[in-house]
Structure formats: structure tokens, C-alpha cells
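A.B. asks: Once you've had a glance at the structure underneath, I'll fire off some questions.
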Amino acid sequence: MLALVVAHLVVAVALPLVSARSRRAAFGVAAVLPAVTLLWALAQAGPALDGGLSATTAWAPTLGLTLSFRLDALALAMVVLVAGLGAVIIVYCIGYFGPDAPEATRSAAGLLAFAGAMLGLVLADDLLTLYVFWELTSIASFLLVGQGGQEREERRAAVQALLVTVLGGLAMLLGFVLLGEAAGTYRISAILADPPRGGLVTAALLLILIGAFTKSAQLPFHPWLPAAMVAPTPVSAYLHAASMVKAGVYLVARLAPGFADLAVWWVPVLAVGLATMLVGGWRALAETDLKRLLAFGTVSQLGFLMVLLGAGSRIAALAGLAMLLAHGLFKAPLFLVVGTIDHATGTRDLRTLSGLRTALPGSAVATALAVASMAGLPPLLGFVGKETAFEAFVAGGGVRDWTVAVGILLGSVLTAAYSARFLWGAFARKPGVDPTPVHRPEVWLTGPTWVCAAAGLALGIGYPLVDALASSYAAPYPDEDGYHLALWHGPGLPLVFSAVAIGGGLALHRMRSRVEALAHRSPVDAQRGYERTVAGIGRVAVAVTGRTQVGSLPGYLSVILVVFVLLPGTAAVVAGSWPGDQPLFHAAMQVPLALVVVVAALALVRARRRFTAVLLVGVIGYGVGGLFVVDGAPDLALAQFLVETLSLVVFVLVLRRLPAHFTEQRPPARVRVPKAMVATAGGVVVAGVAVVLSGARTAPPSTSAEMIRLAPEQAGADNVVSAILVDFRALDTVGEIGVLFVAAAGVASLVLATRYDRRGGRRAVQSGQGTPQHEEDVLG
Amino acid sequence: MSITGNDRDGAAPRRGTAERALLLELTTRALFPTVLVFSGYLLLVGHYGPGGGFAAGLVAGLAFVLRYIDGSSGDLRAVVRVRPPVVIGTGLTVAVLTALAPVAWGAPVLSSAKLAAELPLLGSVELQTSVFLDCGVYLLIVGVVLDLLRSLGAGIERDLRDAGEGP
């Protein structure tokens with residue numbers, strides 16, 4: 001399974017090579033892997049439904065990290081959506097993106113990479129593996145929504161989607177760690193086999209639910225999904241309807257068998273799910289853009305799925321899995337139809353579209369099929385799922401179940417209403433609107449739509465297939481009444497509910513002008529909430545930065561020194577002890593060297609010229625180097641002398657741009673005295689702490705002797721310092737030269753970047769960053 | 001490359017003859033190659049005595065500083081054809097590749113081995129593979145010094161000239 005996932009990512013990286021020759025061929029190549037994945041998964045269906053199929057690859061065994069994958073009923077259902085719809089939608093792209101559309105290259109690679117990440121997500125059997133793929137899908141979504149980033153709308157939508165889902169993702173990661181530690185394992189199948197309980201698990205579940213809610217666009221995080229509709233339609237169809245937004249639902253479905261009996265689980269899931277279903281459905285009735293209408297419909301359906309898959313009863317789970325498949329199979333073709341209409345007429349506004357029923361009869365029939373499934377009409381899969389959903393909560397009885405039953409009935413009324421609105425808006429002939437001119441869509445556009453819509457019909461009639469899948473998923477729940485998915489359960493409350501939903505929906509659609517006006521007036525706007533939150537965070541950041549980063553070097557130094565005096569200084573005074581046998585010096589040469597250093601330091605404080613100060617700092621450095629020589633550390637001394645020399649040179653080079661004197665006038669005493677006090681305290685504490693620390697060792701260091709013993713044979717070095725640098729502690733060395741590399745790049749950018757800003761007098765100000773001259777300069 | 005007037009006529013900018021310090025220039029001529037050879041020695045001797053890639057790189061860098069200060073070669077582009085960032089990158093690449101290479105032989109990252117060979121004339125020769133890491137460090141440090149001379153040396157000089165303050 002790892003190989004399949006990796007193959008997706010590798011081919012995605014290589015795909016631009018193909019699309020350089022032919023954009024259409026790139027999509028053709030991209031569609032092959034998802035199709036292969038679908039066939040592979042279907043071939044494995046037997047063992048998958050019969051307990052599951054596992055594969056584990058060690059990743060970092062010493063850290064306990066593994067890449068574990070498992071194909072079971074739920075994963076299989078998701079693979080059908082991810083790989084099956086993926087292949088169909090990528091084929092649709094051949095027709096959607098013209099042969100020379102600039103975004104085609106990016107979209108082909110992005111869609112395939114996303115398919116790989118999503119496949120990894122649904123197959124993962126390890127919490128951390130799941131997390132990695134979860135974030136990869138967020139990144140793929142960001143890239144696909146943002147596209148080239150030329151449009152402000154695209155950038156805003158992409159950033160919003162990324163911020164919201166990554167916020168949830170990070171919360172979820174915390175939850176995963178808590179859950180994994182509480183259970184003692186990160187294997188999902190092992191956790192579900194023996195679900196842990198306790199306060200830690202409560203916190204973990206809440207955090208995980210935040211992740212699921214953000215990803216699946218639940219209230220109040222939902223606005224990112226309608227905003228993401230700026231993406232090309234195939235991207236919306238795949239990521240924002242069929243697969244990625246189901247990741248949250250999938251996670252809830254995955255964990256529900258182990259935790260659905262806990263109130264901390266089912267209360268938020270049912271409450272948020274129901275609220276989302278109602279709000280999404282209501283908002284869909286106000287939209288005039290067909291794509292945004294579908295987006296709010298998706299929000300609503302995701303809430304419905306959340307309720308079904310999180311409720312934790314067998315029938316609800318059956319209904320949930322059926323609806324999961326049904327939603328993918330009716331929402332994807334609806335999006336594809338919107339893309340086709342957009343392509344054929346150049347608009348998606350249902351106020352200007354008219355008479356497409358006769359102009360695009362094939363698409364109209366396919367849409368009618370998908371819409372019927374969405375509204376819950378027999379004999380489509382949506383009907384089977386919805387019927388079972390009503391049964392799940394009607395049969396349960398009790399306040400909780402009846403509340404949910406009424407809630408999903410209301411939601412279904414809204415669903416039927418916006419389904420009718422979509423069909424009417426896209427295809428009906430509207431009085432007073434001229435028939436929209438149409439140019440015929442290619443078969444690449446209509447074919448995939450038909451495949452999806454027909455699959456919804458086929459699975460509705462062939463419900464035993466779905467039943468086998470759903471029963472395998474629902475197996476962990478106790479089977480009390482032997483309920484199974486079926487097209488006809490006989491007359492009963494669920495059938496009445498279905499009829500009420502359809503009838504109510506049609507009635508609402510009848511009163512559309514009044515409903516639309518009402519739906520426009522929404523008391524709270526979650527999008528405004530998001531914008532206020534982001535702007536507020538920005539303001540807080542500016543305020544904090546403004547207070548802490550004041551831009552005064554003495555200010556920063558004072559903070560550092562005061563903290564040093566307060567923390568390590570206090571610790572040394574309280575806990576340390578002055579070494580009793582500290583000699584004043586142990587080699588005669590130390591005395592003159594120390595004197596030189598002290599005198600230079602005193603003179604440095606009095607220096608008024610920068611050049612003098614730099615030279616005196618050099619003297620101090622050489623003096624310290626001399627002390628190293630006296631103490632028998634030639635390597636250290638050599639490095640010290642060389643670095644000191646180089647710093648001197650660099651200082652002198654920089655001094656050319658600075659005034660010769662520090663300040664023209666002596667600063668007043670109220671500035672100088674506190675500075676002097678802080679500096680003195682800092683110096684005294686540094687010296688004192690150094691002495692206290694040097695006396696704190698009570699036993700000879702064990703590592704030194706080992707290093708000296710091992711250096712010749714293990715590192716092949718007689719010089720133990722060198723052995724430490726290039727062998728024992730070689731990783732540190734590599735890290736340090738990395739730091740040097742960054743520092744050099746920083747110096748070059750800073751010095752050379754300011755150059756073009758200063759030419760303002762002569763011509764328009766050019767920002768240094770990013771101009772061709774600047775880049776050339778920085779690169780040498 | 002650059003947009004200053006001096007560069008446009010092809011040659012690297014030279015300072016006026018009045019400023020040239022002949023004694024320093026002559027000394028540099030003699031010292032420059034010697035110091036470079038010495039830095040090579042420090043690089044190789046690091047395993048057995050004071051030295052190593054860091055010190056050797058600084059010594060070589062200081063040789064270039066000398067070349068820059070004596071003023072005979074303008075902004076050093078005439079001395080070193082390679083662009084400093086390339087030297088830095090090469091050094092980092094060599095170091096990282098040395099770190100990763102043992103993996104190909106199934107050993108942990110950053111482990112080193114001793115290579116011994118009998119060469120004609122030289123007799124038995126030993127080579128610790130960690131010397132390659134040291135070479136990476138050496139190149140990187142030389143590159144950093146060259147880059148500093150380029151940005152803080154020649155760059156500031158050019159700014160001064162542009163501002164009409166400099167020599």
C-alpha cells in the first residue's frame with residue numbers, strides 16, 4: 001500500500017515533464033494511477049471486508065514510528081471515492097482545461113499528489129501516519145485553490161482554507177499524542193480494539209474533533225469551503241466535495257466505534273453536525289452561483305454524515321456508510337455539470353441561465369439522476385441511505401434520538417429544496433430570461449458526469465453490494481434487530497419521513513422568492529467572525545512586536561543582561577558555593593595577560609572613537625587567546641586568534657560607513673548611570689557565575705577520558721579536538737556550518753539589498769528585495 | 001554584472017595609483033601563495049595536531065583578505081573567478097554528502113573509516129574519511145570570508161563611491 005501511495009507522489013512530481021509536451025496527455029497519465037488503485041482495492045475487497053488487510057513499514061524504529069496501512073470496509077469505501085472519483089475527475093480535466101491552459105500543468109500534478117496523500121490518509125492505521133497525510137492534503141488544497149496566486153480572491157481563499165484546516169490539524173495532532181500516550185500505542189486498530197478511558201482521553205477526543213470539524217467544514221469553521229470555490233471546478237469537485245472534506249467525517253467514522261458511548265464524543269458531534277446540516281441547507285437556498293449553492297449543500301451534507309457516522313449505533317453506521325458513498329456519487333457529477341455549464345455558456349449564475357434543458361438534454365438527465373439521489377428519491381443510493389438514517393433514530397426512541405430524527409428531517413427538507421433549486425436554476429426555462437446561448441460540450445466533459453451519476457443509480461439498485469460493505473464497517477456495534485440496507489422496507493415512519501422531506505422541499509422551492517429573501521438575512525456571519533479573528537491576531541502581533549522589538553540595541557542588551565543577572569545569578573547565589581581552593585593564578589604568564597585584558601576593557605569603556613573601541617576589543621580577544629595558549633589549548637587558541645583577526649578586518653570594513661565617534665555629545669547622567677549599573681552587574685555576575693560553575697564539578701568528567709581513549713582507534717585521530725569535531729560530534733559541526741551558510745546569505749542580502757532603496761533621489765524608489773539587480777548582486 | 005560605471009568598461013575597478021602601497025603589494029605577492037599552502041597543511045594536519053578545516057579555512061580566508069587590502073586587485077573578482085556563494089554551497093554540499101555517504105555502505109550517518117594503501121614512492125598511506133568533512137568545512141569558511149569581502153568590502157566601497165564620499 002505504501003508503494004501505491006508513493007507512486008502517486010512520484011508520478012505527480014514527474015508529471016510536468018509530460019505536460020510540457022501535451023497538457024491533455026498529462027491528465028491521461030495522471031488518471032492511470034487512481035484507476036489502478038481502484039482496481040487493486042476492489043480486487044482486495046474479499047479479505048478487506050473479512051477483517052482487514054494490514055501492511056507495516058518501519059520508518060524510524062527507535063522512535064517507534066511506523067508507516068502502518070490497513071484496508072478494511074471503511075477504507076475501501078473511501079478508496080472507491082478517492083481513487084474512483086479521482087480517476088473520473090482527472091479524465092474530466094482533459095475536457096475542462098484547454099490544450100494550452102496555463103493552470104493545467106499545476107492542476108494535473110496537484111490533483112495526483114492530492115490523490116496520493118488522500119489515499120495515504122484513508123489507508124493509514126497509525127495516528128501519526130494519518131496526521132502526516134492529513135496535512136499533505138491541506139497543502140495540496142492550498143496549492144490547488146491558490147493556483148498562480150495572481151487573483152486576490154484566490155489567495156484569500158487559499159490562505160483561509162489553509163489557516164482553518166491547519167489550526168484544526170495542529171489541535172488534532174495534540175489530541176493524537178494524548179490519545180496515543182493514553183492507549184500506549186499509536187496503532188488505530190489496536191486503540192479501537194481496547195479503547196482507553198480517562199480525563200486525558202476526554203481532552204484528546206475534544207482536540208481530535210476540532211481537527212475533524214475544521215477539515216469537514218463544520219460550524220463555525222465552514223466558511224472556508226464556499227470561499228474555496230474560486231478553484232477550478234474539477235478541483236472543487238474532487239477536493240471540496242468528494243474526498244478531502246470527507247477526511248474529517250472519515251476520522252469521526254474511524255474512531256466512533258471506540259468512543260461513541262462517551263458524552264464528550266456524541267454531544268459535540270451530534271450538536272455540531274445537526275447545526276451544520278441546517279445552516280448549510282438554509283444558506284444554500286440564498287445562493288445564486290450554482291457552485292456556491294453546491295458548496296453550501298456540501299457543508300450541509302457533511303453535517304449529516306457527521307451525525308450518522310458519529311452517533312455510534314449500528315443502523316446509523318449503515319446509513320452513514322451508504323450516504324458517504326452516495327454523497328460522493330451525486331455531488332461529484334453535480335460539480336462536473338456546473339463545470340460543463342460554465343464551459344458551455346460562460347456563466348454559473350442561475351438568474352441568467354435559462355432553457356438549458358433543451359440545449360443540453362444529456363446533462364440535464366444526468367443531473368436529474370444525481371439530484372434525485374441528493375434529495376432522496378428511490379431507487380437511488382441516496383434514498384437507501386436516507387431511509388436507513390431515519391430508521392436509525394426513529395427506531396431508537398428516547399429524547400436524544402427523536403431530537404436528532406426531527407433535526408435530520410428538517411435538514412432533509414432543506415436538502416430537497418436546494419436540490420430542486422439547483423435543477424431548476426441550471427436547466428429550467430425562466431420566464432423573462434432569454435435562452436442562454438450554448439456551444440456543445442465535448443464527450444470528455446459529459447462522459448465522466450454520466451459515469452458518476454449512473455454509478456449512484458447502479459448502487460441504489462444493487463444495494464446488497466453497499467450492504468455488504470456497510471455491514472462489515474458496522475460489525476463492531478451490537479446487532480439487535482438484524483436490520484439491513486434495502487430499497488423497500490415496507491410502509492413505516494421512515495417512508496413517511498422521506499415523503500415529508502420531498503414534499504416539504506418542493507413546497508419550499510415553490511415559495512422560493514420569499515425563502516430567498518429570508519435566507520439572505522442571516523443574523524451571524526461566520527465569515528465575518530473569521531476575518532475579525534485573523535485581523536485581531538494581526539493587531540495583537542503588531543502590538544506585542546511594537547512593545548518588545550523597540551529597535552534599540554542598548555534596550556535589547558539590557559533585557560538580556562537583567563534576565564541573566566536575575567535568573568542564573570540568583571540561582572548561583574542561592575544554590576552554588578564559592579570554591580574554597582580557588583588559586584588566584586596557576587601560571588606566571590597569566591598575570592600579565594590578564595592585566596592586558598583588564599586594562600583594555602577599562603579603556604574600551606572610555607573610548608570615544610569607534611576605531612579605538614574596535615582595536616581594544618581585538619586586544620581583549622588576543623589576550624584571551626594568549627590565556628588559552630598558557631593553559632595548553634593550542635587548537636582553541638589558534639581558532640581564537642584567527643577569528644579575532646577576521647572580526648577586526650570585518651569591523652574595519654564596516655566602520656567606513658559609520659561616524660568616527662560614538663556620539664557627538666555625552667549622553668546625560670540619567671541615561672548613563674542605569675546603563676553603567678546594568679553593565680557592571682552583568683559583568684560581575686558573569687564572572688561570579690563562571691567561578692561558581694567551575695567549582696561545581698565534583699568528579700572528573702567521564703566523557704573526556706573516554707574520548708581521549710577512543711580517538712586514535714575509532715576516529716583515527718591523534719588530536720582529540722579534531723576527533724570530536726569531525727567524528728564524535730560531527731553532526732554539531734554540520735549544523736554549525738549550516739548556520740554560517742545562513743549568516744553569510746543574510747549579510748549579503750542585507751548589505752546589498754539596501755543599495756537600491758537608497759537611490760530614491762535619482763529615480764523612483766526600487767525595493768532592493770527581488771529586483772533583478774539585487775538578485776544578481778546577492779548571487780555574486 | 002554590476003551597474004556601476006567602472007564595471008561597464010570591462011576591467012575590474014582599480015584604485016588610483018596614488019593609493020597603492022607598493023611594499024604591502026610586494027609582500028602580499030610573496031605571502032599569498034605561501035599562506036594558501038600553509039592552510040592546506042593545516043587542513044591535513046588537523047587529525048594529528050592543531051589545525052583542522054575551520055582554522056585552515058580562516059587562514060586561507062585571511063590570505064584573500066590580504067589580497068583585498070593591498071588594493072591591487074580591485075574587488076577580488078579578478079583573483080577568484082568562482083562566485084563566493086558557489087564556494088559556500090560547494091562546501092556545504094561536500095560536508096553533507098560526506099555525512100550521508102556511509103549510508104550507502106550500510107553504516108550509520110557520519111561514521112568514518114580509515115583507508116590505507118601502498119603507494120609507490122610514498123610507501124603506506126592512510127586516509128581517514130572524515131577529512132572530506134573537514135574539506136567541506138574548509139571550503140565553506142573560505143566562501144564565507146570571500147562573501148564578506150564581497151558584501152562588506154567591495155559592496156560598501158561601491159556604495160561610498162555612489163554616494164560620492166569614497167575614494
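The values are calculated or read from the model by the stated rules, or taken from the named source; none is laboratory data. It should be emphasised that the depicted structure is a prediction, and the values quoted were computed from it without experimental measurement. Glycine gets a Cβ as well: all are built from the backbone with ideal geometry, and neighbour counts include every protein chain shown.
A.B. asks: Of all residues in the range B:146-166 being within 7 Å of another protein chain (Cβ to nearest Cβ) and aliphatic (A, V, I, L, M), which is farthest from B:R81 (Cα to Cα)?
C.D. replies: The extreme case among them is B:L160.
A.B. asks: In the range A:331-377, which residues are within 22 Å of A:A284 (Cα to Cα) and of a type in the set (S, T, Y)?
C.D. replies: A:T340, A:T347, A:T352, A:S354, A:S363, A:T367, A:S373
A.B. asks: Report, by residue number, each residue of the range A:33-55 that is buried (at least 16 other Cβ atoms within 10 Å of the Cβ) and β-branched (V, I, T).
C.D. replies: Hit for the range A:33-55 is A:T37, nothing else.
For (1) buried (at least 16 other Cβ atoms within 10 Å of the Cβ); (2) over 13 Å from A:A389 (Cα atoms), each residue gets a yes or a no:
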site	(1), (2)
A:L469	yes, yes
A:A486	no, no
A:G490	no, yes
A:S498	yes, no
A:G505	yes, yes
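A.B. asks: When you check A:V252 against the structure, is it assigned by TED's automatic domain parsing to the domain that holds A:L121, among the hydrophobic types (A, V, I, L, M, F, W, C) and at negative phi, yes or no?
C.D. replies: yes
A.B. asks: Restricting attention to the range B:121-138, which residues are surrounded by fewer than 24 Cβ atoms within 10 Å (Cβ to Cβ), touching a residue at least 60 places away in the same chain (Cβ under 8 Å) and more than 9 Å from every other protein chain (Cβ to nearest Cβ)?
C.D. replies: B:C135
A.B. asks: Further question: Kindly establish whether A:A286 is outside any helix (DSSP H, G or I) and of a type in the set (G, A, S).
C.D. replies: Working: outside any helix (DSSP H, G or I): yes; of a type in the set (G, A, S): yes.
Judged against the criteria, A:A286 is a match.
Conditions tested, residue by residue: (1) at the interface with chain B (Cβ under 10 Å from one of its Cβ atoms); (2) closer than 17 Å to A:R606 by Cβ.
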{"site": "A:V654", "(1), (2)": "yes, no"}
{"site": "A:P659", "(1), (2)": "no, no"}
{"site": "A:T663", "(1), (2)": "no, yes"}
{"site": "A:V673", "(1), (2)": "no, yes"}
{"site": "A:A676", "(1), (2)": "no, yes"}
{"site": "A:G682", "(1), (2)": "no, no"}
{"site": "A:V685", "(1), (2)": "no, no"}
{"site": "A:G688", "(1), (2)": "no, no"}
{"site": "A:V692", "(1), (2)": "no, no"}
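A.B. asks: Follow-up question, since we're still on this one. Every residue in the range B:40-56 that is in contact (Cβ under 8 Å) with a residue 40 or more places away in the chain and either surrounded by fewer than 23 Cβ atoms within 10 Å (Cβ to Cβ) or more than 9 Å from chain A (Cβ to nearest Cβ) (or both), please.
C.D. replies: B:L43, B:L44, B:A56
A.B. asks: Of all residues being of a type in the set (S, T, N, Q) and not in a loop (DSSP other than H, G, I, E, B) in the range A:121-162, which is surrounded by the fewest Cβ atoms within 10 Å (Cβ to Cβ)? Just the residue, please.
C.D. replies: A:Q160
A.B. asks: Looking at the range A:210-226, can you tell me whether even one residue there is within 24 Å of the chain's Cα centre (by Cα), in contact (Cβ under 8 Å) with a residue 12 or more places away in the chain, under 22 Å from A:G64 (Cα atoms) and assigned to a helix (DSSP H, G or I)? Working first, answer last.
C.D. replies: Step one: list which residues in the range A:210-226 are within 24 Å of the chain's Cα centre (by Cα), which gives A:210-226.
Keeping just the survivors that are in contact (Cβ under 8 Å) with a residue 12 or more places away in the chain gives A:210-226.
Among the residues that remain, those that are also under 22 Å from A:G64 (Cα atoms) are: none.
No: zero hits.
Table: residues versus (1) among the polar types (S, T, N, Q); (2) facing chain B (nearest Cβ under 7 Å); (3) over 32 Å from the mean Cα position of the chain (by Cα).
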position: A:I708; (1), (2), (3): no, no, yes
position: A:G716; (1), (2), (3): no, yes, yes
position: A:I724; (1), (2), (3): no, no, yes
position: A:L731; (1), (2), (3): no, yes, no
position: A:L740; (1), (2), (3): no, yes, no
position: A:S749; (1), (2), (3): yes, no, no
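A.B. asks: Right, another one. Kindly indicate whether A:A58 is hydrophobic (A, V, I, L, M, F, W, C) and in a helix (DSSP H, G or I).
C.D. replies: Judged against the criteria, A:A58 is not a match.
Results for (1) over 34 Å from the mean Cα position of the chain (by Cα); (2) under 21 Å from A:L485 (Cα atoms); (3) assigned by TED's automatic domain parsing to the domain that holds A:F497, shown as yes or no for each residue.
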position: A:L321; (1), (2), (3): no, yes, yes
position: A:T352; (1), (2), (3): yes, no, yes
position: A:L356; (1), (2), (3): yes, no, yes
position: A:L369; (1), (2), (3): yes, yes, yes
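A.B. asks: Being in a helix (DSSP H, G or I), of a type in the set (G, A, S) and out of contact with any helix residue (DSSP H, G or I) (no Cβ under 7 Å at 6 or more places or on another chain) is the filter; apply it to the range A:702-737 and report the residue that is farthest from A:G569 (Cα to Cα). Please lay out each step first, then the result.
C.D. replies: We begin by selecting, within the range A:702-737, every residue in a helix (DSSP H, G or I); these are A:702-715, A:720-728, A:730-737.
If we keep only those that are of a type in the set (G, A, S) as well, we get A:702, A:704-705, A:711, A:715, A:722-723, A:730, A:735.
Of the ones still in play, those that are also out of contact with any helix residue (DSSP H, G or I) (no Cβ under 7 Å at 6 or more places or on another chain) are A:702, A:704-705, A:722, A:735.
Values: A:S702: 28, A:S704: 28, A:A705: 31, A:S722: 34, A:G735: 30 Å.
It comes out as A:S722.
A.B. asks: Continuing with the same structure: So, B:E118, is that one acidic (D, E) and more than 11 Å from every other protein chain (Cβ to nearest Cβ) or not? Outline the logic, then answer.
C.D. replies: On the way: acidic (D, E): yes; more than 11 Å from every other protein chain (Cβ to nearest Cβ): yes.
Against the criterion (acidic (D, E) and more than 11 Å from every other protein chain (Cβ to nearest Cβ)), B:E118 qualifies.
A.B. asks: Taking A:A124, is it touching a Pro at 6+ places or on another chain (Cβ under 6 Å) and within 29 Å of A:A203 (Cβ to Cβ)?
C.D. replies: Answer is no for this residue.
A.B. asks: Being assigned to a loop (DSSP other than H, G, I, E, B) and over 46 Å from the mean Cα position of the chain (by Cα) is true for just one of A:A681, A:A699. Which residue is that?
C.D. replies: Answer to the check: A:A699.
A.B. asks: Scan the range A:540-566 for residues that are without any contact (Cβ under 8 Å) to a residue 12 or more places away in the chain and closer than 15 Å to A:A687 by Cα and jot them down.
C.D. replies: Result: A:L566, single match.
A.B. asks: Return yes or no: is A:V371 buried (at least 24 other Cβ atoms within 10 Å of the Cβ) and farther than 26 Å from A:P268 by Cα?
C.D. replies: Judged against the criteria, A:V371 is a match.
A.B. asks: For the structure I just gave you, tell me whether A:G198 is surrounded by fewer than 20 Cβ atoms within 10 Å (Cβ to Cβ), on the phi > 0 side of the Ramachandran plot, of a type in the set (G, A, S) and in contact with a Lys or Arg (Cβ under 6 Å, 6 or more places away or on another chain). Before you say what the answer is, go through the steps one by one.
C.D. replies: Numbers: surrounded by fewer than 20 Cβ atoms within 10 Å (Cβ to Cβ): yes; on the phi > 0 side of the Ramachandran plot: yes; of a type in the set (G, A, S): yes; in contact with a Lys or Arg (Cβ under 6 Å, 6 or more places away or on another chain): no.
Spelling it out, it is not the case that A:G198 is surrounded by fewer than 20 Cβ atoms within 10 Å (Cβ to Cβ), on the phi > 0 side of the Ramachandran plot, of a type in the set (G, A, S) and in contact with a Lys or Arg (Cβ under 6 Å, 6 or more places away or on another chain).
A.B. asks: On the given criteria, is A:G462 free of Cβ contacts under 8 Å to residues at least 40 places away in the same chain, on the phi > 0 side of the Ramachandran plot and of a type in the set (G, A, S)?
C.D. replies: no
A.B. asks: Quick one: which of A:G632, A:G683 is at positive phi and surrounded by fewer than 16 Cβ atoms within 10 Å (Cβ to Cβ)?
C.D. replies: Only one candidate passes the filter, namely A:G632.
A.B. asks: Could you tell me whether the range A:353-361 includes any residue that is farther than 25 Å from A:Y238 by Cα and hydroxyl-bearing (S, T, Y)?
C.D. replies: Yes - at least one qualifying residue is present in the range A:353-361.
A.B. asks: Related question: For A:F564, state whether it is part of a helix (DSSP H, G or I), more than 27 Å from A:R697 (Cα to Cα), in contact with a Gly (Cβ under 7 Å, 6 or more places away or on another chain) and modelled with pLDDT of 90 or more.
C.D. replies: Considered against the rule, which asks whether it is part of a helix (DSSP H, G or I), more than 27 Å from A:R697 (Cα to Cα), in contact with a Gly (Cβ under 7 Å, 6 or more places away or on another chain) and modelled with pLDDT of 90 or more, A:F564 comes out as no.
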